[in-house]
Amino acid sequence: MDMEKVYNFKTVEGKWSKYWVENKTFSAKVDKNKKPFTIVIPPANITGSLHMGHALNTTLQDIIIRFKKLQGYNTLWVPGTDHGGIATQNVVEKLLKKEGINKYELGREKFLEKMWQWKNKTGDTILSQLKMMGCGLDWDRVAFTMDESRSKAVKKAFIELFNKGLIYRGKRLVNWCTRCGTALSDIEVEYVDEKSSLWHIKYPLKDSNEYIVIATTRPETMFGDTAVAVNPEDDRYKKLLGKALMLPLLNREIKLISDYTIDKSFGTGALKVTPASDAVDNEIAKRNNLEVIEIIDINGKMINVPENYKGLTVKEAREKVVKELEIKGYLIKVQAYDHKVGKCYRCSTTIEPLMSEQWFLNVWQMSKRAIDAVNDGETVFHPESWKRPYTLWLENLRDWCISRQLWWGHRIPIYYCVDEKGNKTDCKSIASFEAPKQCLCCKGSNFVQDEDVLDTWFSSALWPVSIFGWQEDEHNKELKYFYPTSVLATGHEIIYLWVARMVQFGLEFMKEVPYRDVFIHGIVRDKHGKKMSKSLGNVIDPREIMDNFGTDALRFALACAGALGRDMQISEESFLSARNFANKIWNASRFIIMNLEGIENLDVDITAIELSDKWILAELYEMSLKVKKAYESYNIDTASRTLYDFFWVKYCDWYIELSKIRMMSEDLQAKKQVLKILVHALKVTLQLLSPVMPFITSEIWQILGEKKIIAESKFLNELKESDKSNIEKMKFLQDIIIALRTIRSKMNISPAQQIEALFNVLDESKEKVVKENESYVKQLAKLSSITFTKNIVRPNNSALAVVSGFEIFLPLEGLIDIEKEKTRLLKELALAKQEIEKTTAKLEDDNFIKRAPGSEVEKIKTRLNEANIKLDKINESLRFLG
RNA sequence: GGGCAGUUAGCUCAGCUGGGAGAGCAUUUCCCUUACAAGGAAGAGGUCGCAGGUUCAAACCCUGCACUGCCCACCA
C-alpha cells in the first residue's frame, strides 16, 4: 500500500472511529482477574452540540482511558447525557416561542413531548460527536439522567432520604427566577456588578418630629418592612431602641430593633428590614420574631401594596416609590452605588428572594462526611489546590433547595392524599415509586403527585452509582467491581454543583466515595482570555477544527494547551501546528515503510551498533519514563510536549538523518540493523502517543503490522535502560555539526557544496569520539573530508569554529567573506569574554568554592577553561585575518 | 471583605526537588538535499511584574506590593 505524501486524516479517522464502535474495542465486563480502571463521563447537557470545553474534557478522559488500557487495566469509560433541567427547558421554550407557541397553552404533557423530541435529536448529536472524537467509551452502556433506570435511582434516593427525615418541605426564603418561574439553589445564583443607587430615606418616629434615616438599594420593598434594625452598640440610636417608627407612604407602625449583624459604618447604620425579600432581613426577622409580609409575587409583580402599586413590576414600583418619597419629602439623598446583584445562572434574570414552599435536603451530615473523605485522602484532588475551596464550601453549606417549578425533570415522588373533590387532605404525604393504593391515615385511595420536579443536579449527583445499577441492586457485581471509579475529570466550574454532591451522595448511598482522583482541568478561553460563549460569538466549534485540521490535531492541541488545572487560551494557530505534527509523523513513518520495501524479514536483534543507536535508545528510554510519569499524574501537556520533542527533534531531525548513511549503503545487514531500531523507536513512540492521537497512530501501526516483519514492540516497563553517557557523547557531536552548519549558513554556502574541514586536536581524549563517528559529521555538515592534525598549518581564507577539544578550520577559498567572518568571530569573542568573566567571578568567590558542591565547581572550571581556549583561538584567527 | 490562581520572547505557553533562560506560532537569511515546503538549516528576539529577604547561587524558596483573572461572602 502506498502512503500518500500528505496525511489524509479524513479517510483514516472515519475508518477508525467506526471500527472502534463496531468492534466494541472499549466495551468492558467484570473480570476479576484484571484490575478495573473506571471513568464515568460528565454527562453533557442536551442543550446543543459539544463545544470546545467538552472537546477538552473528553479528550483528556480518553487519553487517560487509552493509556490505562495500554498498561493492561480493564478500562471502562461510561458515556451518557444529562437532561439538564432548567437549561434545556429554556432552550426548547425559546424555540417554541419563535414558532409562536407558549408552553402554558401547550400544557405540561404536550410540552414534555416536545422536550423528548429535542432530547432524542440533540442526545444523538452529542453521542455521535463523541464517536467522531474517537472516544474510547463503552457504547453498550449509554445512559441518560432521565432514562427509566436513572429515574428509578432518583426515586429510590429521594424516598430513602425522605424516610430518613433528611428531605423536608417548608416555606422559606428562596432564590426565585421570575423568568424561569422557579426556585434555584444558592449556587445557581451568580452575582454580577451593577450600577445602582443608595437611597437615603426618612423613617419618622411615631408622634415625634424626629426621624431615622435608612439607606437602601431597594426602596420598593419598603412596603414589606416590618422593622428598622441598628447595631446595639450604636450610640446614635441606643436611646431610641424599642420606639415605634412610622413607615412612610403606608403610615404603618414598625419597631426600631437592634441586631448584632448591622454594620454601624455602612450608610446611616440603620437597616430597613424586609423579611420577605432579603435573606439577611429574613434572618433578622427570625431572631426578632418579626412579621413577614410578602410584597412581590412569583411573577415579580407587587402584591399586598397600596392599590396604585399593585401589579407593577419591581422596576416600575421602584421608580414610583422614589418619586413619591421625593414629593412627600422623605427622600434625603440619592448616592451612586455599585453593588452585586444576583442573577439566574441560566437566563441572567435578576433573582428575587421570595418566600416560597419548597423541598429541602438537609446536607449537614453528608457535608461533614464529604469533607472527611477528602481530608483522609480517600479522594484526592489534582491539582491539590482545589481541596481547600471544596472543604470551605461544604463547611458553610446551607440546606439544598431541591425542588424546581419546572416541567422538564424528575417529578418529585411525593403523593398527597386528596378527597373526592380533589382537595388535599391533612393526611401525611407519602414518598413512593408509584401512586400509593391506600392512604395510611384515612384509608382513602385518591392521590395527586407533587407538581414540582427535582433540581437537575440531584440526578447528576447520583450518576456514579446510578450508572452501575445501584437502583436495581445495591450489591450487584458491576457496582462492586467498578465502584468507586478511578478518576473524575472535569472543569473547576462545577466542583460545587456536581463534584461535591457526588461525593455526598456516594458516601450516603454506597458508604464509599465515588472516585479516587478528581482531575480538575482548566477552562478553554479564546485568544483574548475570555470564556467562550455563544453570546460573545467567540466560540471555536470543535467540528470545524476536526474538519479543517483533523481530530488528532484537535486532540493534540488541546492536550498540550495548559498545565494541570490552568485555564488555556486557544486560537486557530495551535491547531495548525498540531496538524503539522500529524503530517510529520505520517511522513517519517512513510520514509521508514518505504525503506522496508523489498526486505523479507528483519532477522536481527535490536542491537545498538553505533553511537547514534545507543543514543536514540537512551533518549527513547528517558522519554518513555517521563511520558509515563506525566500521564499517571495527569500532566497531559507534559506527556504530549515530551513526545513531540522526542519525535520531531531527536527522532526525525537527528536519528533519521543519521540513519540515512546506513540506509543508502550496500550493506543489507547494516540497513536491517538500523531499520530495526528505527521501527522499534517508532513503535514505542506510536504506542505512547496513541492515547493523544489515536487515529494516526492506529493507522500507521496497522500498516506496520501488514509488513509482518516486525515482532510486537515491548511496552514501557519492558524497555531496557540505556547508558545515559551516550546522550552526552552525542551532544558533543551535535555541537560540532551545529557549529559547522552555522558557518555554512553565515557564509551562504549552498547545501550542495561539499567542503573540507581541518580538525586541529586540542584535547586528545575527544579525538576518538569524533573519529569513530566521522561519517555523521561529514554527512550532516556536508563535508567532503575531515583531516585530523595536531600541528596545524593554518590555511588561508578559512573560517574558524572552536568547540570543546577542537579548533576547526574550514578552508573557504573563494567562498569566504572575510568581513563577515570577522564580524562573526568578534561576536563569538564577546560571548567568550562574558563567559570568562562570569565563571572567573564565581571561582574567585571563596564562599562558592567552600559551599557549592564539588561537581558544580568542576563544571565551572571546565567552562572557564573552554572559554579561555576559545578566546585564544579566536584571537589568533582574528590576527591572522588581519 | 476573604480565598485561590496567574504575571517568563511580539503572541500562546513550558520550565520537576534552587546551579549555564525553553517550545510552538510570528519574524530574518539560505535551501524544492531523493520522508515531509504542513519541510530542512541557521539567526534575531527576554533586566523571568516590582521591591526586599534567605542562600556561595533565585524565574524557582520566604515577605511585602502592583496588576489581571476566578471563586466565595448577609455592608443593606
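For region A:1-22, the condition of being in a loop (DSSP other than H, G, I, E, B) and under 30 Å from A:PRO464 (Cβ atoms) holds for none of the residues. As a summary of the residue check, A:SER633 satisfies the conditions (1) touching a strand residue (DSSP E or B) at 6+ places or on another chain (Cβ under 9 Å); (2) among the polar types (S, T, N, Q); (3) more than 13 Å from RNA strand B (Cβ to nearest atom) except for the one numbered (3).
Restricting attention to region A:281-294, the residues that are within 13 Å of RNA strand B (Cβ to nearest atom) and surrounded by fewer than 17 Cβ atoms within 10 Å (Cβ to Cβ) add up to 3. State which residue pairs qualify: first residue over 16 Å from A:ARG555 (Cβ atoms) and among the hydroxyl-bearing types (Ser, Thr, Tyr) and inside region A:569-591, second residue open to solvent by less than 40 Å² (accessible area, probe 1.4 Å) and within 7 Å of RNA strand B (Cβ to nearest atom) in any location, beta carbons under 8 Å apart, and separation of 6 or more residues or different chains. That search, which allows pairs on different chains as well, returns nothing. Restricting the search to region A:93-107, which residues are closer than 15 Å to A:LEU406 by Cβ and open to solvent by 50 Å² or more (accessible area, probe 1.4 Å)? A:LYS94, A:TYR104 - these are the residues of region A:93-107 that are closer than 15 Å to A:LEU406 by Cβ and open to solvent by 50 Å² or more (accessible area, probe 1.4 Å). For A:GLU13, the conditions (1) touching a Ser or Thr at 6+ places or on another chain (Cβ under 7 Å); (2) free of Cβ contacts under 8 Å to residues at least 60 places away in the same chain are fulfilled apart from (2).
Pairs meeting the criteria (first residue in region A:824-851 and within 10 Å of RNA strand B (Cβ to nearest atom) and open to solvent by 80 Å² or more (accessible area, probe 1.4 Å), second residue at pLDDT 90 or above and not acidic (Asp, Glu), beta carbons under 6 Å, at least 6 apart or on different chains) are A:LYS842/A:PHE848; A:LYS842/A:ILE860. Taking first residues from region A:115-126 that are of a type in the set (S, T, N, Q) and partners that are not in a helix (DSSP H, G or I), the Cβ contacts under 6 Å between residues at least 6 apart in sequence or on separate chains come to A:THR122/A:ILE46; A:THR125/A:SER49.
Within region A:159-195, being away from RNA strand B (no atom under 13 Å from the Cβ) and of a type in the set (Gly, Ala, Ser) holds for A:GLY165, A:GLY170, A:GLY181, A:ALA183. The number of residues in region A:351-390 that are modelled with pLDDT under 90 and of a type in the set (Ser, Thr, Tyr) comes to 1. Only one entry in A:ALA276, A:ALA244 is within 28 Å of A:ASP297 (Cβ to Cβ), of a type outside the set (Lys, Arg), away from RNA strand B (no atom under 13 Å from the Cβ) and in contact (Cβ under 8 Å) with a residue 12 or more places away in the chain, namely A:ALA276. The residues listed here are A:ASP186, A:ASP225, A:ASP235; of these, the one that is in contact (Cβ under 8 Å) with a residue 24 or more places away in the chain and open to solvent by 60 Å² or more (accessible area, probe 1.4 Å) is A:ASP186. Looking only at residues in region A:252-280 that are of a type in the set (S, T, N, Q) and within 41 Å of the chain's Cα centre (by Cα), the one that is least open to solvent (accessible area, probe 1.4 Å) is A:SER277. Does region A:608-619 contain at least one residue that is at pLDDT 90 or above, within 14 Å of RNA strand B (Cβ to nearest atom) and of a type outside the set (Asp, Glu)? Yes, that holds for at least one residue. Taken over region A:9-24, the criterion of being open to solvent by 40 Å² or more (accessible area, probe 1.4 Å) and of a type in the set (Ser, Thr, Tyr) is satisfied by A:THR11, A:TYR19. Residues in region A:82-92 include none that are surrounded by fewer than 17 Cβ atoms within 10 Å (Cβ to Cβ) and within 30 Å of A:ILE414 (Cβ to Cβ).
A:LYS771 passes every criterion in (1) modelled with pLDDT of 90 or more; (2) touching a helix residue (DSSP H, G or I) at 6+ places or on another chain (Cβ under 8 Å); (3) in a helix (DSSP H, G or I) apart from (2).
Pull up region A:553-598, narrow it to residues that are within 7 Å of RNA strand B (Cβ to nearest atom) and charged (D, E, K, R), then point me to the one that is most open to solvent (accessible area, probe 1.4 Å). Once the filter is applied, the top-ranked residue is A:ARG566. Residues that are surrounded by fewer than 19 Cβ atoms within 10 Å (Cβ to Cβ) and in a loop (DSSP other than H, G, I, E, B) were ranked within region A:727-761; the one that is nearest to RNA strand B (Cβ to nearest atom) is A:PRO751. Which of the following residues is in a loop (DSSP other than H, G, I, E, B), in contact (Cβ under 8 Å) with a residue 24 or more places away in the chain and not β-branched (Val, Ile, Thr): A:GLY100, A:GLY48? Exactly one residue qualifies, and that residue is A:GLY48.
As for region A:144-154, it holds no residue that is part of a loop (DSSP other than H, G, I, E, B), among the polar types (S, T, N, Q) and within 19 Å of A:GLU451 (Cα to Cα). Of all the criteria given as (1) over 27 Å from the mean Cα position of the chain (by Cα); (2) within 16 Å of RNA strand B (Cβ to nearest atom); (3) farther than 30 Å from A:VAL280 by Cβ; (4) of a type in the set (S, T, N, Q), the one not satisfied by A:SER385 is (1). In the set A:SER348, A:SER356, A:SER277, which member is small (Gly, Ala, Ser) and closer than 30 Å to A:LYS164 by Cα? Going through A:SER348, A:SER356, A:SER277 in turn, the sole match is A:SER356. Out of A:GLY311, A:GLY300, one residue alone is at positive phi and surrounded by 15 or more Cβ atoms within 10 Å (Cβ to Cβ). It is A:GLY300.
Any idea how many residues of region A:62-75 are touching a Phe, Trp or Tyr at 6+ places or on another chain (Cβ under 6 Å) and of a type outside the set (S, T, N, Q)? The qualifying residues number 4. Where strands (runs of 3 or more DSSP E) sit wholly within region A:364-460, those with at least 1 residues that are open to solvent by 40 Å² or more (accessible area, probe 1.4 Å) and free of Cβ contacts under 8 Å to residues at least 40 places away in the same chain occupy A:447-449. Of all residue pairs spaced 6 or more apart or on separate chains, those with beta-carbon atoms under 8 Å, a first member in region A:480-498 that is within 14 Å of A:PHE519 (Cα to Cα) and a second member that is of a type in the set (D, E, K, R) are A:THR485/A:ARG516; A:SER486/A:LYS68; A:SER486/A:ARG516; A:SER486/A:ASP517; A:VAL487/A:ARG516; A:VAL487/A:ASP517; A:LEU488/A:ASP517.
The set of residues from region A:336-346 being more than 11 Å from RNA strand B (Cβ to nearest atom) and at pLDDT 85 or above comprises A:ALA336, A:LYS343, A:CYS344.
The values are calculated or read from the model by the stated rules, or taken from the named source; none is laboratory data. The structure displayed is predicted, hence computed values, not measured ones. Ideal geometry is used to build each Cβ from the backbone, glycine not excepted, and the neighbour counts take in all protein chains shown. For the accessible areas, the whole protein counts, side chains as well, though only heavy atoms, and no ligand, DNA or RNA atoms are used. Shrake-Rupley method; radii C 1.70, N 1.55, O 1.52, S 1.80 Å.
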